[in-house]
Amino acid sequence: MFSSERTIVSTNTIIRTGSEILNFLEHTKGFLELPGVSELSFGAGDSIIQQGQMGNDIFLIRDGLTKCFVTEENGKEFVQEFLGKGQLVGEIELLLGGLSFCSVIALSKVSALKISRLAFAEVKAAYPHFNVLLSKALAVKLKDTAIRASYQQTYSTEKTLKNLMMLSKDTKVRLIKSDISSYLGITARALNRLLKKLDSEQI
């Protein structure tokens, strides 16, 4: 079983969550009533953001688990990260302009706030503290990306897989093998070999 809604041991964040932006906006008077803010629900497998499309909204995950991934020209997927409660998706496209460089789909039932470009601009202009939280969130995302790259170059794929398996025991969302292999950057056959090896070691 592969499941997790928490982060892996200290230096290797598998599933990213956060609360500061979500708590701030949910407790900001009038935010949820803004014309460009709405709550949406997604079922497992539903698309939230599609790679190559113009990003006109951002989504703030209130509950559930999502997968952020890039589809290469050869059709292969590369899973960048798994995002849970409190995470923003689509904010980079809104800040930089242009097309979405990745896709985001729901891996479980997901509740999210959809925030339009105009509402996003209004909140940024009206609440300086939101800009502080947004900058912090982007910095954490950059840091986590660097840590993951360093971790995967320093430690073996087997070690990362072991960590995933240890964290899967007490969680509610199952990650399928194809997502795990895409995240680890290995083939399904290589993943099966590792699973067989770990099973023989009773991990």
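Could you list, in sequence order, all residues of the stretch 32-73 that are in contact with a Phe, Trp or Tyr (Cβ under 7 Å, 6 or more places away or on another chain) and without any contact (Cβ under 8 Å) to a residue 12 or more places away in the chain?
The one that is in contact with a Phe, Trp or Tyr (Cβ under 7 Å, 6 or more places away or on another chain) and without any contact (Cβ under 8 Å) to a residue 12 or more places away in the chain: Glu72.
So if I check each of Val79, Val9, which one is assigned to a strand (DSSP E or B), closer than 24 Å to Thr145 by Cα and at pLDDT below 90?
Working: Val9 fails: assigned to a strand (DSSP E or B).
The match here is Val79.
Give the stretch 21-45 a look and list any residue that's surrounded by 14 or more Cβ atoms within 10 Å (Cβ to Cβ) and assigned to a loop (DSSP other than H, G, I, E, B), or say none.
Scanning the stretch 21-45 gives Thr28, Leu34, Gly36, Ala44.
Are there any pairs with C-beta distances below 9 angstrom linking a residue in the stretch 181-203 that is surrounded by 13 or more Cβ atoms within 10 Å (Cβ to Cβ) to a residue that is part of a loop (DSSP other than H, G, I, E, B) and hydrophobic (A, V, I, L, M, F, W, C), with the two at least 6 apart or on different chains, and if so which?
Qualifying pairs under 9 Å: Tyr183/Ile14; Tyr183/Leu175; Leu194/Ile186.
The values are calculated or read from the model by the stated rules, or taken from the named source; none is laboratory data. Only a predicted model underlies this, so the values are computations on that prediction, with no experimental measurement involved. Neighbour counts are summed over all protein chains in view; Cβ atoms, including those assigned to glycine, are modelled from backbone coordinates with ideal geometry.
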